[in-house]
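S.K.: Take a look at the following structure, please.
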């Protein structure tokens, strides 16, 4: 499986637990790890983060109760620095904690009191294999997302009326960052509701909410590019806060952004048609006066 010694970062503040962990792996014999294991122990979260920058780590074991960090926030910090590495939470906390850490993005969970050498080696091998598959899927998703963004940008390039120039306007993210952040938050909430509709078969009137959002964007003379930026920013935020659900949000988001773009296009069509009608009426009045 690996052609080098498996580098394990163990973030644990109890010396006895570190020594026990080392003893377990010292007895390990596995065809998947012919070069054996090298354990780098950190007794604080900060030192663990530093070790990540200094070593080529293959897998991380993380205790959630540390001297400088407690609870799932430790996992969140590690994920910020090593989202592509397999992280196994190694703790004595209850099963409720296990569910939470897996939702946040940990690849596995081991209870300290229920472990032996064979289970530990199996957990390491499974974690590395699963993370490799996840990384492949992430890369495929990233490539697919880039294709979809190009398609969205093509949709965004619709003609605007010469009386209202949108193409040269500054983006909402640059000109109105506070409002842009509110719109992103609103869009995140709509995607939450849309996903809830699909999974739990409930009704939240997300289409109506998207239509309202499109009118807000239109009122501010936002471009379709602004809508795309709101969409991509929201997806990044959701992926960070709910890593295990990111693919579901991305799939739902494809439909959501297309629907929003449709409403925004309809808004401008209506606006431009109305503007042209006003111009025609004015011309008619001028003719009548003459």
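Any read-out appearing in this document is the output of simple, stated calculations on the displayed coordinates, not a laboratory observation. The structure displayed is predicted, hence computed values, not measured ones. Positions of Cβ are backbone-derived with ideal geometry, glycine not excepted, and every protein chain shown enters the neighbour counts.
S.K.: Mind checking the full-extension length gain between residue 56 and residue 201? Use 0.36 nm per residue of separation minus the Cα-Cα distance, one decimal, nm. All intermediate terms of the calculation are to be shown ahead of the outcome.
M.R.: Details: separation 145, 0.36 × 145 = 52.20 nm, distance 4.51 nm.
Here the answer is 47.7 nm.
S.K.: Could you grab the relative contact order for region 1-144? Cα pairs under 8 Å, six or more apart, rounded to a whole percent.
M.R.: Once divided by the residue count of region 1-144, the mean separation gives 23 percent.
S.K.: Let me ask you something else. Under 18 Å from a point placed 7 Å out from the Cα of residue 182 along the Cα-to-Cβ direction: which residues of region 201-222 have their backbone N that close?
M.R.: 209-222
S.K.: In nm, to one decimal, how far is the modelled label at residue 130 from the one at residue 216, with both set 7 Å along Cα→Cβ?
M.R.: In this crude label model, residue 130 to residue 216 measures out at 3.8 nm.
S.K.: Between region 73-130 and region 8-33, how far is it from one alpha carbon centroid to the other, in angstrom?
M.R.: With region 73-130 and region 8-33 each reduced to a Cα centre, they are spaced 14 Å.
S.K.: Highest mean first, what order results for 92-99, 78-85 on Cβ atoms within 10 Å? Walk me through the numbers on the way to the answer.
M.R.: Working: 92-99: 12.8, 78-85: 15.9.
Per-residue mean Cβ counts within 10 Å order the peptides as 78-85, 92-99.
S.K.: Could you calculate the FRET efficiency of residue 76 with residue 232 from 1/(1 + (r/R0)^6), where r is the beta carbon distance between them and R0 is 30 Å, rounded to 0.05? Each step should come with its number before you reach the end.
M.R.: On the way: r = 22 Å, r/R0 = 0.73.
In this case the efficiency is close to 0.85.
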